[in-house]
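Input: a single structure, listed below in structure tokens.
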Amino acid sequence: MTGNASHADSGAVDSTYAWIRLAVALVLGTIGSVGMWSFVVALPAVQAEFGVLRNEASLPYTLAMVGFAFGGVLMGKLADRHGIVFPAIGGTLLLGFGYLLAGYAPNIWAVGGAHIVIGVGASGTFGPIISDMSHWFRRRRGVAIAIASCGNYLSGAVWPPIIQHFITGSGWRATHIMVGLFCVVSMVPLALLMRRRSPVETVTPGVAVVPRGTLGLRPNALQALLAVAGIGCCVAMAMPQVHIVAYCGDLGYGVARGAEMLSLMLTLGLVSRVLAGTIADRIGGLAALLIGSVLQAFALLLYLGFNGLTSLYVVSALFGLFQGGIIPMYAVIVREYFSPQDAGVRTGIALMFALFGMAIGGWMSGAIFDYTGSYRAAFANGVLWNLLNIAIIGWLLIRSRRLAGGLVPA
């Protein structure tokens, strides 16, 4: 441990500085998560230039998500060892380099390779930032984690219209290069504002927050259960998020209405994240996650019962309000039941499997539609996966209650 780290002020936890740091983290995450959204807008222009099929044109987005998923674990490990600045700046430089490569890519495969780099770079300002902020709060940790995770959704609201504007005026290649340069110029100074080392590095008796233990399970067994639960809830979550636009088109309402519903989901998802964090601060991450998962399953069932235009707006609003807080709860649970020194890598693993669930769910729902010619079976499939999540989290919550009462050996 360095001399600077040994003199870190653990009293900064829950302080004004902690809230300022959270605001910086939110802005940093909003800019850095551009890597998850930019290609969605650029896809038509890229497809038109290279003259490829839609599945080939979609490859860069898929590879960006793969890079984001695996990069989160790597960046989390770096954050655990070196603090948040190292992965934040490293991720920023990878973002800039990836966008530069994409801007000069000669074919769709090169664009795809560049987006692996972009995905890894974007991951440096998501999972590691969430785990870093968990060290700066105790009383309001759930809210802090939820706010830190909002950068991902804010990015989806802010970046697409900006990118579309510049693609229309300057083309997708110049836009990629400009986005990369902007990320480097704006994000490096923001990352440097977070140079102060986290209080977790000054573990002293009577000050450090001791995790509750892994519920009488081996740590990796609990991590594995959280991974399966994450896949389950996110396979379900992906059905409306990925396919609501196409679903509205199939119903004859037009894709523009579907895009509005998606925007409504993401907007209310921001509200949901803060609400879920507030609930977690009162009743714990497992209980808050179980509530969100049950409500998400309820919203999916509503999609099966209502398909009118107005009712779809209402159900989509409810879905966004119910599901938005689910993902941050995995970070809260990690901080409650694992060592704080492993928070970065453990959070990264949990988020990686959640992203896998989103990827699987998006593909699976499309495959079910292709096979059945309807999205009804896809919605029902989402409910079944959601029940898997409910079963795992419900069992863990019961186990935690029994452990607290001395009924389960630690």
One residue from Ala343, Ala350, Ala377 being in contact with a Phe, Trp or Tyr (Cβ under 9 Å, 6 or more places away or on another chain) and touching a residue at least 60 places away in the same chain (Cβ under 8 Å): Ala350
With criteria (1) at pLDDT 85 or above; (2) aliphatic (A, V, I, L, M); (3) open to solvent by 60 Å² or more (accessible area, probe 1.4 Å), Val210 comes up short on (1)
Filter pass, Ala343 being open to solvent by less than 30 Å² (accessible area, probe 1.4 Å), within 15 Å of Gly127 (Cβ to Cβ) and more than 15 Å from the chain's Cα centre (by Cα): yes
Residue under question is Ala343, and the condition is that it be over 16 Å from Met239 (Cβ atoms) and at pLDDT below 90; does it hold? yes
Considering every residue within the stretch 321-334, establish whether at least one is farther than 18 Å from Met133 by Cα, among the aromatic types (Phe, Trp, Tyr) and touching a residue at least 12 places away in the same chain (Cβ under 8 Å). yes
Give the stretch 348-386 a look and list any residue that's among the aromatic types (Phe, Trp, Tyr) and open to solvent by 30 Å² or more (accessible area, probe 1.4 Å), or say none. Phe353, Phe356, Trp363, Phe369, Tyr371, Trp385
Are there any helices (runs of 4 or more DSSP H) wholly within the stretch 50-146 with 2 or more residues that are in contact with a helix residue (DSSP H, G or I) (Cβ under 9 Å, 6 or more places away or on another chain) and open to solvent by 10 Å² or more (accessible area, probe 1.4 Å), and if so which? 54-57, 59-82, 85-103, 108-123
Going by what's in this entry, would Arg195 be described as surrounded by fewer than 20 Cβ atoms within 10 Å (Cβ to Cβ), assigned to a loop (DSSP other than H, G, I, E, B) and of a type in the set (Lys, Arg)? yes
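The values are calculated or read from the model by the stated rules, or taken from the named source; none is laboratory data. Being a predicted model, the structure only gives us computed values, none of them experimental. Neighbour counts run over all protein chains shown; Cβ positions are idealised from the backbone, glycine included. Only protein heavy atoms, including side chains, enter the accessible area calculation; ligands, DNA and RNA are left aside. Shrake-Rupley method; radii C 1.70, N 1.55, O 1.52, S 1.80 Å.
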